[in-house]
Amino acid sequence: MTELDRLLESYARIPEREFAHRAEALQQLLDRARAFRQSTGNTWRRGGVDGLIEQGAFEAELYHTLAEAERATEADRFQLLLTVQDRLENHLPAQYGSVRRVARTNVPEMLLQVANEMGNHLADGRFQSLVLHYIDMLADLRSDTNLPSITRNVLNEIVALRDDFHFEPFGSVGTLLTDRSKPNAPAKEFTLRPLMNGYGGTAGMLGHLAHELTHAAAHRAYRNTPAMLLFDRRATPERVSAIANARIATLRRLDHLLAAHQDAFTAVQHVMLRSRLDYGSRPLQVDRYAANLLAAKRIDQATRNQMRVWDQAAGENSGVLVEYDTVLHQILVYLHVWRIPQKNPFYQSAIDAAQDAFHARETALVGGDRPAAEAGVVSAAAAGDSSRGAQPRRGHTPRPGAGRRRWCRPCRRIGY
Ligand SMILES: [Zn+2]
């Protein structure tokens, strides 16, 4: 045992960031511990050595991948680090102290560093390719025959918008309508600043992208101000109030079901789901967006006033007018990637809510003037139709020959 104790001591002295060095030392330790295990009978140290082998094997694999990530090119490094995050988030026993610290600090830092390095050379397209790689992974979920049909419909709807996005790793995380009044503005309709710190591993990344793409899809359906609000802008305050109340009730029901079926999720998964439900119902969101957009000259005073009316109509939690379809889709992607059984009541309820939200977007997009089969969200998106979602709204006259943004004066007034 003296040799094993000596190896353990020297391993503990290696700085946490020296991944290759740690991986190598752990391998030596494991070899020694396994040899000891083979050669010894049932001694009092045997249980401790078994525990050491288990923990050592787990950590050795992670440090090995981290060392590999350090040597890899940027895109490969990002992907390797995200797989480390998957292992750490999903399987990390609480007592694995050092590797846990690596998960909480080093890996997110390294991921952000990769994103920033790529962001410094945005024109070479590598950052775009990295984000598109994960959007394509999202698209590939559709090949799973076990995918709920609503999740498939949503993925059809949102991944069809992948080429309408400009991606950049700077500024506040989120999706915006690209401000075309700025010099050198990207030619894409939407600008996404994705979260690149690896939160939640691959499931987190895919859920996050589903959320952000949904902002664009919902905007194509509703065309409600540059804040991309999630309802028909012709709705009366009473209707807005009813929409908000129904959504808040749904989020509460989901919250209740999550608490009642907590055992179906790991601690990390539970935190991730809870945070999405909370995010969907934050107070005073519409008014806050309105103030920011007015300050940025993206909306006029009349629209700002209108948004205040909507905010007040929604009551306490106007967040559901900005974040609802988004968090539902994020949750559906999490649940699928985590392989949660669809019979789970929380999953069932999320499916029902997403179906209603899908139907509402579809109805808004169709606008009542065209047969559903002709203008349905899914069929247009699945066909890759470049005019998808660009149908003029009911009661508005398109200006012929005005290209992609064929919007009449009442729509243009609010900043398109
Ligand atoms: Zn959002």
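N156 falls short on exactly one of the conditions (1) modelled with pLDDT of 95 or more; (2) within 26 Å of T105 (Cβ to Cβ); (3) away from the ligand (no atom under 15 Å from the Cβ), and that condition is (2).
Condition check ((1) away from the ligand (no atom under 16 Å from the Cβ); (2) under 30 Å from L88 (Cβ atoms)) across all residues:
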| position | (1), (2) |
| --- | --- |
| A221 | no, no |
| A227 | no, no |
| R233 | yes, no |
| L254 | yes, yes |
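Looking across P345, P410, P341, one residue alone is modelled with pLDDT under 95 and at negative phi. It is P410.
Among the residues of the range 139-169, those identified as closer than 21 Å to L112 by Cα and either charged (D, E, K, R) or touching a helix residue (DSSP H, G or I) at 6+ places or on another chain (Cβ under 6 Å) (or both) are F167, E168, P169.
Which one of H133, H64, H121 is more than 30 Å from A218 (Cα to Cα) and in contact (Cβ under 8 Å) with a residue 12 or more places away in the chain?
Working: H133 fails: more than 30 Å from A218 (Cα to Cα); H121 fails: in contact (Cβ under 8 Å) with a residue 12 or more places away in the chain.
So the residue among H133, H64, H121 that is more than 30 Å from A218 (Cα to Cα) and in contact (Cβ under 8 Å) with a residue 12 or more places away in the chain is H64.
Scanning for something at pLDDT below 95, of a type outside the set (F, W, Y), within 28 Å of H256 (Cα to Cα) and crowded, with 23+ Cβ neighbours inside 10 Å, does the range 283-290 turn up at least one residue? Checked the range 283-290: at least one residue is at pLDDT below 95, of a type outside the set (F, W, Y), within 28 Å of H256 (Cα to Cα) and crowded, with 23+ Cβ neighbours inside 10 Å.
Which residue is farthest from the chain's Cα centre (by Cα), if the candidates are limited to the range 166-186 and must be away from the ligand (no atom under 13 Å from the Cβ) and at positive phi? Quick ask: steps written out before the conclusion?
Step one: of the range 166-186, the residues away from the ligand (no atom under 13 Å from the Cβ) are 166-171, 177-186.
Going one step further and asking which of them are at positive phi, we end up with 171, 184.
Details: G171: 17, N184: 28 Å.
Only one residue fits best here, namely N184.
Scoring A246 on the criteria (1) surrounded by fewer than 23 Cβ atoms within 10 Å (Cβ to Cβ); (2) of a type outside the set (K, R); (3) more than 18 Å from H329 (Cβ to Cβ); (4) more than 16 Å from the ligand (Cβ to nearest atom) leaves a single failure, condition (3).
In this structure, is D163 away from the ligand (no atom under 16 Å from the Cβ), assigned by TED's automatic domain parsing to the domain that holds N292 and part of a loop (DSSP other than H, G, I, E, B)? Criteria not met by D163. Please specify each residue of the range 187-211 satisfying the condition of being touching a strand residue (DSSP E or B) at 6+ places or on another chain (Cβ under 9 Å), more than 11 Å from the ligand (Cβ to nearest atom) and not hydroxyl-bearing (S, T, Y). Residues satisfying the conditions are A187, K188, E189, F190, R193, P194, L209.
Scanning the range 234-288 for residues that are over 21 Å from A203 (Cβ atoms) and among the basic types (K, R) yields R234, R239, R247, R252, R253, R282, R288.
Identify all residues within the range 304-313 that are within 15 Å of Y222 (Cβ to Cβ) and either within 16 Å of the ligand (Cβ to nearest atom) or crowded, with 20+ Cβ neighbours inside 10 Å (or both); write none if there are none. First the steps, then the outcome.
Keep residues of the range 304-313 that are within 15 Å of Y222 (Cβ to Cβ), which gives 306-307, 310.
If the condition is that a residue be within 15 Å of Y222 (Cβ to Cβ) and either within 16 Å of the ligand (Cβ to nearest atom) or crowded, with 20+ Cβ neighbours inside 10 Å (or both), then M307, W310 are the ones that fit.
With I351, I299 as the choices, which residue is modelled with pLDDT of 90 or more, within 18 Å of the chain's Cα centre (by Cα) and either away from the ligand (no atom under 16 Å from the Cβ) or basic (K, R) (or both)? Please lay out each step first, then the result.
Numbers: I299 fails: within 18 Å of the chain's Cα centre (by Cα).
Just a single option satisfies the conditions, and that option is I351.
Among the numbered conditions (1) within 16 Å of the ligand (Cβ to nearest atom); (2) among the hydroxyl-bearing types (S, T, Y); (3) at pLDDT 95 or above, the only one that Y279 does not meet is (3).
Evaluation of F170 against the conditions (1) in contact (Cβ under 8 Å) with a residue 40 or more places away in the chain; (2) surrounded by 14 or more Cβ atoms within 10 Å (Cβ to Cβ) shows that the sole unmet condition is (2). Checked against (1) modelled with pLDDT of 95 or more; (2) surrounded by 23 or more Cβ atoms within 10 Å (Cβ to Cβ); (3) hydroxyl-bearing (S, T, Y); (4) away from the ligand (no atom under 13 Å from the Cβ), T214 meets all criteria but (4).
The values are calculated or read from the model by the stated rules, or taken from the named source; none is laboratory data. Values in this document were obtained by computation on a predicted structure and should not be read as measured data. Heads up, the Cβs are rebuilt from the backbone with ideal geometry, glycines too, and the neighbour counts pull from every protein chain shown.
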